[in-house]
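Since the structure comes first, as structure tokens, the remarks are kept for the end.
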Amino acid sequence: MMNEVVKLLRTQLMLSTECLEKLQAIKTALKENSAGKGVTEAVQAIEPTLAKLGQLEKLTREFLEQTGKKRLTAYAAGMPDSVERDAVMRLLARIQGLDERLQRELASTQALLKRSKEFVDFHINVMTQTAANDTYAPPGAPEVENRRGIKMFDANV
């Protein structure tokens with residue numbers, strides 16, 4: 001049992017580190033190339049790691065069901081004082097720190113993706129010469145949408 005939890009935690013640490021590196025590659029691709037070059041490849045590169053994390057989560061749930069605990073921290077807290085318990089606690093602390101970094105990086109990447117989408121939407125509107133509604137019109141005048149009949153920012157990609 002003791003070796004199994006250490007193996008699970010080390011695998012999670014390795015996969016979380018790999019996921020963080022690949023997430024940073026996505027961010028780099030988004031920052032360095034406005035045309036989106038390299039983004040697809042970077043996203044495809046992270047997919048196998050995310051699948052492995054999903055499999056690891058399933059194995060961890062099965063382990064916790066066998067032990068009757070709800071969390072790995074509860075399992076570690078119930079272990080007798082030993083070198084193995086200290087190792088498990090250190091691994092849990094490192095994983096928690098990595099998870100927090102992953103959450104920050106993910107939020108940052110989501111913001112970059114949103115800005116990239118807005119950038120693309122803006123350029124599509126410029127290329128299609130979409131115009132906004134008249135801001136001020138005389139009272140009682142019929143509303144003129146624009147020359148092309150397309151509302152600005154309604155042009156879906």
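The values are calculated or read from the model by the stated rules, or taken from the named source; none is laboratory data. Because the structure is a prediction, the values reported are computed rather than measured. Neighbour counts run over all protein chains shown; Cβ positions are idealised from the backbone, glycine included. Side chains are part of the model used for accessible areas, which takes the heavy atoms of the whole protein and leaves out ligands, DNA and RNA. Shrake-Rupley method; radii C 1.70, N 1.55, O 1.52, S 1.80 Å.
The figures follow:
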| item | result |
| --- | --- |
| Extension gain from Asn3 to Thr17, taking 0.36 nm per residue of separation minus the Cα-Cα distance | 2.9 nm |
| Relative contact order %, the stretch 1-126, counting alpha carbon pairs below 8 Å whose residues are six or more apart | 39 percent |
| Accessible carbon and sulfur surface of the stretch 1-116 relative to its total accessible area, %, 1.4 Å | 52 percent |
| Those residues of the stretch 5-23 whose amide nitrogen sits under 15 Å from the label point placed on Glu84, 7 Å along Cα→Cβ | 5-10 |
| Added length on full extension, which subtracts the Cα-Cα distance from 0.36 nm per residue, Glu47 to Lys117 | 23.1 nm |
| Accessible area expressed per residue, the stretch 1-46, with surrounding protein chains retained (probe 1.4 Å, Å²) | 58 Å² |
| Alpha carbon Rg of the stretch 1-126, scaled by the compact-globule rule 2.2 N^0.38 Å | 1.36 |
